[in-house]
1. Which one, L130, L18, L147, has the greatest fluctuation when you compute a Gaussian network model over the chain with C-alpha springs under 10 angstrom?
2. I'd like the distance between the alpha-carbon centres of the range 1-51 and the range 213-267, rounded to an integer number of Å.
3. Report D for the chain in µm² per second (integer): Stokes-Einstein, Kirkwood Rh on Cα pairs, 4 °C, 1.567 mPa s.
4. Relative contact order of the chain, please, whole-number percent, based on alpha carbon pairs below 8 angstrom and at least 6 residues apart.
5. Looking at the chain as a GNM with Cα springs under 10 Å, which of I280, I234, I144 has the largest mean-square fluctuation?
6. Can you find, among G33, P200, L157, the residue sitting farthest towards the positive end of the charge dipole of the chain, where Lys and Arg contribute +1 and Asp and Glu -1 at Cβ?
7. Got the relative contact order for the range 110-178 handy, in percent, Cα pairs under 8 Å and 6 or more residues apart?
8. Holding the Cα-Cα limit at 29 Å, pick out from K95/K287; K8/K201; K95/K250; K44/K95; K8/K44 the pairs that are longer than that.
Amino acid sequence: MPRSLIRKNPSDFKTLALFVEATAEGLSYQSVGMPLNFAQTLQKRRQVDVADTGRFGLELANLGVSVRLTLQWQGRDYWVLVRQRRQDRGDVVLKLISGYVPAHEVNLPLHTAIQEVAEECLLETPEGWLGGRFNETWLPAPYISALHYREALPFRLTPNSGAARPVRCGSQPLLERPRAYVHLPTASLQLVYDLRLEVPKEAKSLSLFHVDERLEGDQLVARLDRKRPDLYLIPLTDGQPCAELYTLNKDKLHAASTRGLHLAESFAVQEGWVVREERIRWKDWLKQQGLSEPDKESRLKRLTGKARQIFRKVVKRKNTST
């Protein structure tokens, strides 16, 4: 049964609308108007359009952050994705760790991104849940009242190289140079930080879980469901993604089905500074990346141990009887 970890009052969250200016050299944004609650923000998240995807000025509903998190575990790198049912868009996608930027952090979205990692990506060992550090700063432990966090062996979160074109809040360049795009269907500015998570070698029997907040009645509730870890890994080879998807439980990778799978819009094609799509099919994303799914193993090869022996005996009896 899913376990409730924390409850929040959604009316406590406030964000700000933005005015964005984009040119070939870079993108800048600044807040406009008064703080908005979540319901007011959703009302503003309506389709917008631009005549020139490389140069425009536009008022947008909100600022969002995502983290393209690269997990370094047992000598290999993996992208970390989370499963989310998007109530405002009526779909289910795999997406990057992401969230809305609150009003008081609009000028420091990196702080929001780091907190989202701590809230959405949980690492469990038999001795407890791992805390984390970003460079020399401890990440928050958002569920410390419900979960036992280990004091030793924190994972390390570090920035990868940033995007080529600068993004500014007003005249101030953002730290770690996130990738930026304006998502036209939701009238939002999205910043994507490229971060690396290194698991300590001493952390054994590792399992990964995603925790997401859902609106239940008049409260935002964060739940942990062990039967649905909802955190997925795409392995990388020489920094490039492979056409494979896994979950991780007690140091064992388990292949996940990609049938009917959709990825969030951050995986779709970006034109200039904008993304037009709501989502992209897994199969279409593979084509876009020049990838093909691995060949399916034969039914016999997938069978293991006793089941394989029984299968061979049945085939042998059938052949001898005919």
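1. Looking only at L130, L18, L147, the biggest GNM fluctuation is shown by L147.
2. Rounded to whole Å, the Cα centres lie 24 Å apart.
3. 60
4. 20
5. Evaluated over the chain, the most mobile residue of the options is I144.
6. P200
7. Details: 81 pairs, mean separation 18.0, N = 69.
Relative CO of the range 110-178 lands at 26 percent.
8. Result: K8/K201 exceed 29 Å.
Each reported figure results from applying straightforward, stated rules to the coordinates on display, with no laboratory input. All values derive from a computational prediction rather than experimental measurement. Neighbour counts are summed over all protein chains in view; Cβ atoms, including those assigned to glycine, are modelled from backbone coordinates with ideal geometry.
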